[in-house]
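The values are calculated or read from the model by the stated rules, or taken from the named source; none is laboratory data. Computed from a predicted structure; not experimentally measured. Every residue, glycine among them, receives a Cβ derived from its backbone with ideal geometry; neighbour counts consider all protein chains shown.
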Amino acid sequence: MGPRVALHGGPGDTLPAMMDRSQVHSLVRGLAGECINRAWNWAGTAAAVGPHDRRGRRYQAMGEGSCIAFPPGSVFGEHLIRIGDATLIGANVNLAVGMFPGEPLRVPDGVVITIGDRCMIGRGNSIIGRCSIDIEDDVTTAPNVYVTDHNHSYHDLSIPIGRQWPTEAPVRIGAGSWLGTGVVVLPGAVIGRHVAVAAGSIVRGVIPDNSVIAGAPARVVRRYVDGEGWVPPVRNPVATPEWFIDRPVAGPAPRASGATGAGATPGGAR
């Protein structure tokens, strides 16, 4: 039996007078763990960013019912980012305009990154823009997706690649599309509407509407053809319940001290 420690207290003490050190450690650890978890859950609700919060007002626009979950990733250039209504951006998502905070950019349209209505951006995503990234309505991304409209040049052998000025080309992700875990969307990619992108794919070029793509680089592996349906056929089609189609993506949630704004729980998007 290990050494014992005397815990002397008043008449109202609820702890036994004598306890093993291991018992004390276990008790303290359990209480501390419970307090930390409750505080973290509270922070997730209180620190989520919504359109009426001070941080939410930094964006060029953030629509009603939208939310950026806590903790956020690296975020800068908010005044050049537009977020639509009822969009949920998960925890640890990097949203950045420019290669570094405050990079001087020429932005004729006044916006670099646009995220539409009812989108779900998975945790750990990175959306990094310099010229134009347009994510249309109802797009869903799994965790750890990377989207960028620029990349380092490598043609000049006298300059290290990491120091060469980037090339850039606009990116668009069509409405209703789904990007699986670990997808990389390269500069110049134009993904059509209702496109499913398999996990781990690297996307470049133009992708047609109503298709499934996979690989590195990603290629069309299934496509919807009018009069025929999906070619090749979907093996196990399932019907989607109405309640699931109509469910809210994000919405208002209680805030600390009566503060207004954001919504959704901290775990957020996937």
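In this structure, ARG123 does not satisfy being at pLDDT 95 or above, of a type in the set (Lys, Arg), buried (at least 17 other Cβ atoms within 10 Å of the Cβ) and over 10 Å from the mean Cα position of the chain (by Cα).
If I go through the range 100-115 residue by residue, how many of them are on the phi > 0 side of the Ramachandran plot and without any contact (Cβ under 8 Å) to a residue 40 or more places away in the chain? Residues in the range 100-115 being on the phi > 0 side of the Ramachandran plot and without any contact (Cβ under 8 Å) to a residue 40 or more places away in the chain: 1 in total. Residue count for the range 1-60, restricted to those that are outside any loop (DSSP other than H, G, I, E, B), of a type outside the set (S, T, N, Q) and either modelled with pLDDT of 80 or more or surrounded by 10 or more Cβ atoms within 10 Å (Cβ to Cβ) (or both): 29. Taken as a whole, the condition of being outside any loop (DSSP other than H, G, I, E, B) and surrounded by fewer than 15 Cβ atoms within 10 Å (Cβ to Cβ) does not apply to GLY110. Looking across the range 142-165, the residues that are closer than 26 Å to GLY122 by Cβ and either assigned to a loop (DSSP other than H, G, I, E, B) or in contact with a Cys (Cβ under 8 Å, 6 or more places away or on another chain) (or both) come down to ALA142, PRO143, ASN144, VAL145, ASP149, HIS150, HIS152.
Only residues that are under 20 Å from ALA91 (Cβ atoms) and not hydrophobic (A, V, I, L, M, F, W, C) were counted in the range 128-144, giving 4.
Among the residues of the range 102-124, are any among the acidic types (Asp, Glu), touching a Lys or Arg at 6+ places or on another chain (Cβ under 9 Å) and within 17 Å of PRO187 (Cα to Cα)? Give the steps one after another, and end with the answer.
At the first step, the residues of the range 102-124 found to be among the acidic types (Asp, Glu) are 103, 109, 117.
With the extra rule that they be touching a Lys or Arg at 6+ places or on another chain (Cβ under 9 Å), the set shrinks to 103.
Remaining after also requiring within 17 Å of PRO187 (Cα to Cα): none.
Checked against the condition, which is being among the acidic types (Asp, Glu), touching a Lys or Arg at 6+ places or on another chain (Cβ under 9 Å) and within 17 Å of PRO187 (Cα to Cα), the range 102-124 yields no hits at all.
For ALA86, state whether it is more than 20 Å from VAL183 (Cβ to Cβ) and either β-branched (Val, Ile, Thr) or in contact (Cβ under 8 Å) with a residue 60 or more places away in the chain (or both). So ALA86 passes the test. Between GLU103, GLU78, GLU136, the distinction of being within 30 Å of ALA46 (Cβ to Cβ) and surrounded by fewer than 21 Cβ atoms within 10 Å (Cβ to Cβ) belongs to GLU78 only.
Note on the range 61-106: residues that are more than 16 Å from the chain's Cα centre (by Cα) and in a strand (DSSP E or B) amount to 1. A Cβ distance below 8 Å, combined with a sequence gap of six or more or placement on separate chains, defines the contacts here; from the range 169-192, residues that are at positive phi and in contact (Cβ under 8 Å) with a residue 12 or more places away in the chain reach residues that are surrounded by fewer than 21 Cβ atoms within 10 Å (Cβ to Cβ) and among the aliphatic types (A, V, I, L, M) in the pairs GLY182/ALA199; GLY188/ALA169.
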